[in-house]
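Reading through the structure tokens given below for one structure.
The values are calculated or read from the model by the stated rules, or taken from the named source; none is laboratory data. Since the model is a prediction, treat every value here as computed from it, not as a measurement. Virtual Cβ from ideal backbone geometry, glycine too; neighbours counted across all protein chains shown.
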Amino acid sequence: MSDQVPFDEDDDEPELSKGYGTFEGVFVPTLLTILGVIMYLREGWVIGNAGLGGGILIILLAFAITAATAMSMASITSNVRIGPGGAYAIISRSLGLEVGGSIGVPLYLSQSLAVALYVFGFRAGWLSIFPDHNALLVDLATFLAVLAIAAISTAFAFRTQLIILVLIIASLVSVAVAAFQGSMTEPITWFGDYPGGSGQTGGTNFWYVWAVFFPAATGIMAGANLSGELESPRRSIPRGTLAAVAVSLVVYLLLAVWLATSATEAELVTNFEVMIDKAAWGPAVIAGLLGATFSSALSSLVGAPRILSALGTGRILPLGQHLSARPGKEPRAAMAVTSLIVVGALMLRDLNAIAPLITMFFLITYAMLNVVVLVEKRLALVSFRPALEIPLVVPLLGTIGCVGAMFIVNPVFSAVAVIAVLAFYLYLTRIQLKALESDVRSGLFVALSEWSAKRVFRLPSREDRAWKPNLVVPVRDVSQLRGDFRLIRSITYPKGSVKVLGFSTDEPDARASRRIERITEAFWEEEIFASWASVSDDDVGRAFVTSMETLQSAFFKPNVVLLHYRPDRLDELRPIIAAGPDRGLGIALFAEHPKAHLGRRTSINLWFDPEEINKGDLKTEAGRMDLAVLLALKLRDNWDGTLRLLTAVPDEASKEEARQYLDAIADKARLGATESYVMTGDMASALGHAPQADMSVFGWFPESDLAVVQTRVEATRSTCLFCVDAGFENALA
């Protein structure tokens, strides 16, 4: 899609940036998202089930995964100019728009639906104070308040979050005051019996409790989602995110100690409001709870439209140009779409059924952030020099931890989430997004190729079973290459390759090179791997032989030279035909009938020279016909045509033996349905009486007289292909 424009990557201070710093732009939103409803209403339940020691282990394990991911994100953002889009931008810059989009779309939907979840959490706290209020009206009023703040401006949202931060600090101070007043009198239970709790009919276990707590440790994307609004994302995201994770971890650990010593096990597992009851001033904790859920909803509603806007800029979604519009420096269109999604979710009244799926999408995003750092570090590219260096084990453990957490929390929703991401990826690969010039996918594939090359070179050199046609095509006349296009495609599709070597022509070098490049691109459009090079030398034969010698050291080296027969250029053809097999290159000499050309491309005649019949025992090779058999087979398959095996014998007595040989070739080479013809007389006579074909294929030898080529084209009344084995082909493999 030619009109697709990826997000801007030219500078570290995007045009839309308002210059928000680390504290208000990253630290506060991230901290408020982590210190949320689970801290207020579920940490006591966790400690009551697992005990203080088990609870601390749960907290540390959850935060270890989050911290590893946060460090990976901090490392990658200290290396690249990520621009708007947060995790989507980070992943896209490394692994391409398709991967970034396949993660970004579910992440956006999860961020949008999370707004509704946080509104429901706010409503639960509100109704605990005002139980007579209508739940739907509370939800709608809360969302409208959140939307109004987010719509006014990001700056206003940040100022609101500072007020909420004060409320949360006040709630924690109330807890601290209770501790100093002597609330910590209960004996410590280091490891609990996992009795379950309120509303549960039976006990539970460590991993269930961990799964309940784990969402508390997430939320590290709250600041990164605002990457396009930051003065310096490269500095602010690492510092703000890591600081928020560290502070929130300390808060959770201190609260665990206070809860374990301030309430009995029965109180902890049955009373979700134990923190409110045990604090010095309960209303402060309620205010903190309401502030935390309100702030989380606000952070999500500020961040989600910016992800959608970035997706629109990359043309990931339909109407991308409208979604990316930001009049007044705010993503109004993206916010309107997000608001509709949130209102629709609020109307469902209960998102518990899909809440685990939202968590899965977040975890997949975290896992991919770790994978990005793994890939970048393993490639060891000079461009990857982050200001924050981390050991390879950190993203590795982060990846393993995120994937493990997914299947511990909910295996079914994990599978659904993975399938959804793969579906998005397949869709994005089909719409042909414009690639970012700065992603590292090419480096990744080069690294894989180098790894493969090192192992291939240790294996035996023969490639009988792995053989496929990798053509090298010398070209003096670009128009001739265009004429040979369909034949080359028929030989190489689907797994072969083409390397075009352009030699001096009558037209300027630059113009000829452009024409060759365009034809090479046409091969790519036909799903054929193709490349080209230009050689400056008037002596094509000598220059090509030199080029073949140079190519011997290449890993992806060609194995067949495709030559176009021209009676006026025999002096160029002879040295190439003579030198090719000695350098591991088979020869395919293409002689086109001036009128028939390739005909209907439905039938192939494969001719066996009488002198070659029964020379081999057909246990390991087909005489000197291996390349001819293989290329005839490729033509038959790609033309969906018929293949005939033909030869001539001097007398009737020899016909049966020759027929048995042809049948054996068809059987040993697994040619499938073929027709065999054995004619009496010399070869010249047989050529003229054989069934008409669109292509006649012959085994050939370097010492053969090139004058015979024209004779056989005239005799068969068809285009011909003369094949010289290099010794590495094996039609019977």
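Mind checking which residues of the range 21-39 are of a type in the set (S, T, Y) and either touching a strand residue (DSSP E or B) at 6+ places or on another chain (Cβ under 7 Å) or surrounded by 24 or more Cβ atoms within 10 Å (Cβ to Cβ) (or both)?
The first filter runs over the range 21-39 and keeps only residues of a type in the set (S, T, Y), leaving 22, 30, 33.
Of everything in the range 21-39, those that are of a type in the set (S, T, Y) and either touching a strand residue (DSSP E or B) at 6+ places or on another chain (Cβ under 7 Å) or surrounded by 24 or more Cβ atoms within 10 Å (Cβ to Cβ) (or both) turn out to be T30, T33.
Looking at the range 124-136 only, could you name the residues that are more than 18 Å from L41 (Cβ to Cβ) and either under 42 Å from the mean Cα position of the chain (by Cα) or in a helix (DSSP H, G or I) (or both)? Can you show your working first?
Just the residues of the range 124-136 that are more than 18 Å from L41 (Cβ to Cβ), to begin with: 132-134, 136.
L136 - this is the single residue of the range 124-136 that is more than 18 Å from L41 (Cβ to Cβ) and either under 42 Å from the mean Cα position of the chain (by Cα) or in a helix (DSSP H, G or I) (or both).
Residues of the range 647-706 being in a helix (DSSP H, G or I), free of Cβ contacts under 8 Å to residues at least 24 places away in the same chain and polar (S, T, N, Q), which ones? Break it down stepwise before answering.
So the first thing to find is which residues in the range 647-706 are in a helix (DSSP H, G or I), and the list is 652-668, 683-689.
Cutting the leftovers down to free of Cβ contacts under 8 Å to residues at least 24 places away in the same chain gives us 653-654, 656, 659-660, 663, 666-667, 689.
Once the filter is applied, which keeps residues that are in a helix (DSSP H, G or I), free of Cβ contacts under 8 Å to residues at least 24 places away in the same chain and polar (S, T, N, Q), the range 647-706 yields S654, Q660.
Being under 22 Å from G672 (Cβ atoms) and touching a Gly at 6+ places or on another chain (Cβ under 9 Å) is the filter here, so list the residues in the range 690-717 that pass it. Let's see the steps before the verdict.
As a first pass, look at the range 690-717 and keep what is under 22 Å from G672 (Cβ atoms): 690-699.
Matches in the range 690-717: Q692, A693, D694, M695, G699.
Does R636 satisfy the criteria of being assigned to a helix (DSSP H, G or I), among the basic types (K, R), assigned by TED's automatic domain parsing to the domain that holds A731 and out of contact with any helix residue (DSSP H, G or I) (no Cβ under 7 Å at 6 or more places or on another chain)? Don't jump to the end; show me each part of the working.
Details: assigned to a helix (DSSP H, G or I): yes; among the basic types (K, R): yes; assigned by TED's automatic domain parsing to the domain that holds A731: yes; out of contact with any helix residue (DSSP H, G or I) (no Cβ under 7 Å at 6 or more places or on another chain): yes.
So R636 passes the test.
Of the conditions (1) within 19 Å of I65 (Cα to Cα); (2) at pLDDT below 85; (3) touching a Leu at 6+ places or on another chain (Cβ under 7 Å), L379 satisfies every one except a single condition; which number is it?
The one condition L379 does not meet is (1).
Results for (1) touching a residue at least 24 places away in the same chain (Cβ under 8 Å); (2) of a type in the set (K, R); (3) surrounded by 15 or more Cβ atoms within 10 Å (Cβ to Cβ), shown as yes or no for each residue.
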position: R566; (1), (2), (3): no, yes, no
position: D571; (1), (2), (3): yes, no, no
position: P575; (1), (2), (3): yes, no, yes
position: A578; (1), (2), (3): yes, no, yes
position: D582; (1), (2), (3): no, no, no
position: G586; (1), (2), (3): yes, no, yes
position: P594; (1), (2), (3): no, no, no
position: L598; (1), (2), (3): yes, no, yes
position: R601; (1), (2), (3): yes, yes, yes
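Residue by residue, here is whether (1) at pLDDT below 85; (2) buried (at least 16 other Cβ atoms within 10 Å of the Cβ); (3) more than 45 Å from the chain's Cα centre (by Cα) holds:
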residue	(1), (2), (3)
N614	yes, no, yes
D617	yes, no, yes
G623	yes, yes, yes
V629	no, yes, no
D637	no, no, no
L643	no, yes, no
T647	no, yes, yes
P650	no, no, yes
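Looking only at residues in the range 491-501 that are surrounded by fewer than 19 Cβ atoms within 10 Å (Cβ to Cβ) and within 17 Å of D640 (Cβ to Cβ), which one is farthest from the chain's Cα centre (by Cα)?
My answer is Y493.
Starting from the range 179-205, keep only residues that are over 16 Å from V257 (Cβ atoms) and assigned by TED's automatic domain parsing to the domain that holds N271, then list their pairs with residues that are among the β-branched types (V, I, T) and modelled with pLDDT of 85 or more whose Cβ atoms are within a distance under 9 Å, requiring at least 6 positions of separation or different chains.
Y194/V209; P195/V269; G196/V269; G197/V269; G197/T270; S198/V269; S198/T270; Q200/V269
Please find, among K434, K499, K468, the residue that is assigned to a loop (DSSP other than H, G, I, E, B), modelled with pLDDT of 85 or more and not β-branched (V, I, T). Give the derivation first.
Details: K434 fails: modelled with pLDDT of 85 or more; K499 fails: assigned to a loop (DSSP other than H, G, I, E, B).
Among K434, K499, K468, only K468 is assigned to a loop (DSSP other than H, G, I, E, B), modelled with pLDDT of 85 or more and not β-branched (V, I, T).
Looking only at the range 707-729, count every residue that is assigned to a loop (DSSP other than H, G, I, E, B) and modelled with pLDDT of 85 or more and tell me the total. Walk me through how you get there before you give the answer.
If we filter the range 707-729 for residues that are assigned to a loop (DSSP other than H, G, I, E, B), which is where we start, we get 717-718, 725-729.
Still in the running and modelled with pLDDT of 85 or more: 717-718, 725-726, 729.
Qualifying residue count, the range 707-729: 5.
Looking only at residues that are over 18 Å from V708 (Cα atoms) and more than 41 Å from the chain's Cα centre (by Cα) in the range 544-590, which one is modelled with the lowest pLDDT?
Looking at residues that are over 18 Å from V708 (Cα atoms) and more than 41 Å from the chain's Cα centre (by Cα), I get D582.
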